[in-house]
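Working notes, beginning with the structure itself.
The values are calculated or read from the model by the stated rules, or taken from the named source; none is laboratory data. For clarity, every value in this text was computed on a predicted model and none was experimentally measured. Please note: Cβ atoms are built from the backbone with ideal geometry, for glycine as well, and neighbour counts cover all protein chains shown. For the accessible areas, the whole protein counts, side chains as well, though only heavy atoms, and no ligand, DNA or RNA atoms are used. Shrake-Rupley method; radii C 1.70, N 1.55, O 1.52, S 1.80 Å.
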Amino acid sequence: MTTISVKVEFSGGLELLFSNQRAHTVELPAINAVTSKEPNLQYLIEFLRDNLLKERVELFVENGTVRPGILVLVNDTDWELEGEGE
Amino acid sequence: MSTSCGNPETETGALMLRRPKFDKSKQCVRCKEKTGNIVIRHAVYCKECFSTLISVKFRRALDPTVNPLPDGPRRKGLKAGGDLLIGFSGGLGSTVLLDLMYRTYFSFHDAPIDLTTGKPRGGKDHPRNLLVWSRGSVCYVEPCNAFPGMKDRTEHIRAIVEQYEDLTFIPLRIEDAFSRDWWDSVGGKHISDNLGIDLTNEDLLLSSISNEGNEGYSKSPVQQLQKYIFSLPTQTAILSTVQTLTRILLLHTASAIGSSHLLLGTSLTSLSISLISSISQGGGFVVREEGKEEWVPPRSVTQMKTNGHENGNIRVVRPLQDIGMKECAMWAWWHGLNVVGREKFPGGKQSIGQLTKDFIVGLERDYPSTVSTIARTCSKLAPKHGTDGICLFCQRPAQYGLQDWRAQTAIRSFKSITSYRPPHFPERDTTDVPTSPSPPSLTPFLCYHCHTTLTSRSSRGTTAVSVSKDDPTPMPLWVTSSSAASTVSSTVRVATQDPYSGEEIWNRKKMDVEQMKATVAEFLFE
């Protein structure tokens with residue numbers, strides 16, 4: 001199964017929820033087995049919650065998306081310009 | 001796209017499109033050349049234009065407050081009357097403020113050189129080549145001793161501040177509010193009687209706790225602080241008090257080192273939170289002071305250094321108040337700033353401050369323009385009536401006629417009603433009941449917000465661990481030392497005769513300043 005390698009960096013205290021480690025490299029499946037589509041940011045958020053998050057889930061995810069106050073950048077660009085979770 | 005209200009599962013065009021988070025296109029609205037990197041309130045900016053925008057907003061908020069007097073018709077150079085103190089909490093706003101301040105006003109400026117003379121153009125004294133503030137200091141107040149188990153982050157903060165050369169680090173601790181050593185170091189006048197208050201009584205009766213028989217006499221500042229914190233009735237009161245203690249510690253420190261300006265890293269988001277939170281706790285009268293204020297050092301403090309301002313006034317400025325939390329976060333990320341973060345106070349989740357923060361931060365994500373509307377609307381507010389003086393505790397204006405208003409309020413604690421009797425009760429004959437002297441009260445010298453902080457009761461029960469009228473709660477030293485407090489504690493003994501025993505009964509009553517002057521008038525020189 002082919003995978004997509006994604007580098008994820010946390011900052012501003014968020015790294016404390018992920019083993020106090022600022023940078024992580026995750027391998028995502030090229031095709032989502034459930035939706036048969038390429039993974040999007042929503043999938044990545046759920047993947048991080050299920051596999052990397054060590055404590056306090058409610059501080060990272062709320063109502064299916066990142067908690068208010070957490071900014072998401074995709075290649076140094078605001079995710080609001082890239083269609084957010086989709 | 002379908003224009004009918006069809007079934008989204010069968011008609012692909014029936015699903016409503018998501019509202020776009022930005023207007024027009026992804027191009028930067030400023031330079032119109034590069035692709036944007038960030039959306040701020042529906043406007044798109046590239047990285048370079050964003051940095052310029054933040055710098056301009058920062059200077060626009062700060063520059064008009066620098067000079068002691070407003071500029072005349074001809075624009076003069078910027079030169080502050082005294083030094084600068086930056087309040088640093090370790091949070092996002094403080095970190096960005098420190099970085100912006102250093103880049104703009106303290107980092108080495110290459111003065112343009114005159115090619116013919118080889119010297120700086122305009123001479124070395126040209127305003128362009130002078131630093132706006134001669135000296136800058138960064139002050140951090142460590143709150144860990146207010147909450148057992150909290151980590152001390154002073155050294156982390158010191159490491160951050162030391163990255164900025166030419167800025168002096170001044171560490172304080174929140175228990176300094178009860179420390180005579182600290183009070184002496186900032187020019188505080190000698191305190192003969194340390195006063196405590198009875199938090200079981202709405203009148204906040206004052207009593208002296210500086211005698212050897214009283215438990216409060218030998219307590220260290222940490223113990224006094226913890227007794228004070230644990231005596232407060234609600235979580236909201238605890239958080240509000242910590243903020244007030246921190247602010248007053250910063251102000252006194254600024255005065256002691258000759259600073260003309262105290263800068264705080266309150267962002268637009270934080271400002272909106274503090275405005276709504278303060279109004280919710282009864283601080284609506286000082287809503288303007290939440291944005292900007294000019295603090296006058298009280299007479300209980302000897303001015304140790306001049307700062308170029310009348311009466312040694314200190315301008316409290318929040319230069320980031322037009323810059324939102326998102327913008328601060330992007331600045332910190334793009335400039336590689338290390339944000340230590342602020343420690344979350346234990347048990348504060350249900351406090352008004354935390355609930356307000358959760359609400360405003362959520363609002364900012366979905367309706368970003370609303371947050372700036374809060375701050376803009378509050379800046380237009382002005383109190384209807386005048387002030388009745390300065391609150392002893394928070395050192396902000398207290399509203400006029402508060403005592404009369406409170407006396408007319410229907411919802412009161414029954415314990416606090418000492419003179420009222422229900423109409424169906426017969427009048428009690430009081431001629432044979434000896435009157436006891438009434439202790440002085442702190443209530444008339446507090447604003448509504450501070451009085452509510454000390455006396456409010458939560459429907460969920462009190463957080464106060466142990467409060468007893470026989471063990472008064474210590475007060476911060478600026479409350480004890482102020483001239484009003486000494487007026488409160490001044491007493492006159494009036495002798496009357498007990499009609500039954502013929503013995504003299506000493507009755508104490510409070511005198512105001514005019515009465516005291518009248519008493520000693522014949523001994524005063526003209």
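Considering only A:16, A:39, A:2, and ranking their Cα positions along the charge dipole of chain A that arises from unit charges at the beta-carbon of Lys, Arg, Asp and Glu, the one farthest toward the positive end is A:16. Annotation for residue A:4 and residue A:20: the two label points, set 7 Å from Cα along the Cα-Cβ direction, are 3.3 nm apart.
Treating r as the C-beta distance of residue B:158 and residue B:107 and R0 as 22 Å, the FRET efficiency rounds to 0.65. Extending 7 Å from Cα along the Cβ direction at residue B:409 and again at residue B:243 yields two label points whose distance is 1.9 nm. Take the cross-link list A:54/B:357; B:47/B:349; B:79/B:344; B:151/B:189 and give me the ones stretching past 30 Å between alpha-carbons. From the list (A:54/B:357; B:47/B:349; B:79/B:344; B:151/B:189), the Cα-Cα distance tops 30 Å for B:47/B:349; B:79/B:344; B:151/B:189. On the basis of the beta-carbon distance and an R0 of 25 Å, residue A:50 and residue A:82 show a calculated FRET efficiency of 0.65. Taking all protein chains together and rolling a 1.4 Å probe, residue B:132 ends up with roughly 20 Å² accessible.
For residue B:144 and residue B:48, compute 0.36 nm times the residue count separating them, minus their Cα-Cα distance, and round to one decimal in nm. Let's see the in-between values first.
Numbers: separation 96, 0.36 × 96 = 34.56 nm, distance 3.93 nm.
Separation in residues times 0.36 nm, less the Cα-Cα distance, equals 30.6 nm.
Suppose R0 equals 60 Å. What FRET efficiency, 1/(1 + (r/R0)^6) with r the Cβ-Cβ distance, do residue A:74 and residue B:514 give to the nearest 0.05? E between residue A:74 and residue B:514, to the nearest 0.05, is 0.30.
Within segment B:292-317, name every residue whose backbone N is under 17 Å away from a label modeled 7 Å from Cα of residue B:525 along the Cβ vector. Nothing falls inside the zone, counting backbone N under 17 Å. The mean count of C-beta atoms from other chains within 10 Å of the C-beta of residues in B:365-373, rounded to a whole number, is 1.
Label sites at residue B:56 and residue B:192, each approximated as a point 7 angstrom past Cα along Cα to Cβ, lie 6.1 nm apart.
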